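The values are calculated or read from the model by the stated rules, or taken from the named source; none is laboratory data. This structure is a prediction, so every number in the text was calculated from the model and none was measured. When we count neighbours, we look across all protein chains shown, and the Cβ atoms used for this are built from the backbone with ideal geometry, even at glycine.
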Amino acid sequence: METTPRTRFFKTEEVGQKWYVVDATGQTLGRLASGIAHVLRGKHKPQYTPNADVGDFVIVVNASQIQLTGKRLDQKELYRNTLYPGGARFTAVKELLKSRPEIVVEHAVKGMLPKTRLGRRIGMKLKVYGGGDHPHTAQRPEPLKF
């Protein structure tokens, strides 16, 4: 009697996690975010398992130099809510890029991850910095291009 090959499901401990560094200078926000979400999730690996954290760590530098197409720089707003009545808060992306550009990239990437416990854990592997330097040199990150 022959047995059919079974699909192999990998655990987080069985898959090595690497560190990548991405330079956001001149890159479009949405295209960059979808590529980063792909790597964070682990979909670039043959060991991809949907219900396990098999993705890699991603460091984004120069987030303040990201590009937005069309009129998005003037019209796009980020929404958050204090959960009190009338607690909706809208912040223009143009203002956030000047003061805290990390939030813009994090918001875009985390919006492309699953809205579950696993998605929140995967989102913690994203490190975003507005400038060109980062404190993760000990992990020896490899450059990643999109």
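Show the residue pairs meeting these rules: Cβ distance below 7 Å; 6+ apart or different chains; first residue within region 129-146 and in contact (Cβ under 8 Å) with a residue 40 or more places away in the chain; second residue acidic (D, E) and assigned to a strand (DSSP E or B).
none
I need a count of the residues in region 14-31 that are surrounded by 15 or more Cβ atoms within 10 Å (Cβ to Cβ) and basic (K, R).
Selection size over region 14-31: 1.
For the list (1) touching a strand residue (DSSP E or B) at 6+ places or on another chain (Cβ under 6 Å); (2) in a loop (DSSP other than H, G, I, E, B); (3) of a type in the set (S, T, N, Q), I need the number of the one condition that T25 fails.
It fails just one condition, (1).
Touching a His at 6+ places or on another chain (Cβ under 8 Å), touching a residue at least 60 places away in the same chain (Cβ under 8 Å) and of a type in the set (V, I, T): which single residue out of V104, V61 fits that description? Full working, then the answer.
Working: V104 fails: touching a His at 6+ places or on another chain (Cβ under 8 Å).
Residue meeting the stated conditions: V61.
From the set of residues in region 40-73 that are among the charged types (D, E, K, R) and over 12 Å from the mean Cα position of the chain (by Cα), which is farthest from L96 (Cα to Cα)?
K45
Report, ordered by the first and then the second residue, all pairs with beta carbons closer than 7 Å, sequence separation of six or more or different chains, a first member in region 2-14 that is under 19 Å from G55 (Cα atoms), and a second member that is surrounded by 10 or more Cβ atoms within 10 Å (Cβ to Cβ) and β-branched (V, I, T).
Correct list of pairs: F9/T49; F10/T49; F10/V54; T12/V54.
Residue by residue, here is whether (1) under 15 Å from K18 (Cβ atoms); (2) surrounded by 15 or more Cβ atoms within 10 Å (Cβ to Cβ); (3) at pLDDT below 95 holds:
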position: A33; (1), (2), (3): no, yes, no
position: L40; (1), (2), (3): yes, yes, no
position: S64; (1), (2), (3): no, yes, no
position: G86; (1), (2), (3): no, no, no
position: Y129; (1), (2), (3): no, yes, no
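Looking only at region 62-71, decide whether some residue is more than 21 Å from A37 (Cα to Cα), hydroxyl-bearing (S, T, Y) and not in a helix (DSSP H, G or I).
no
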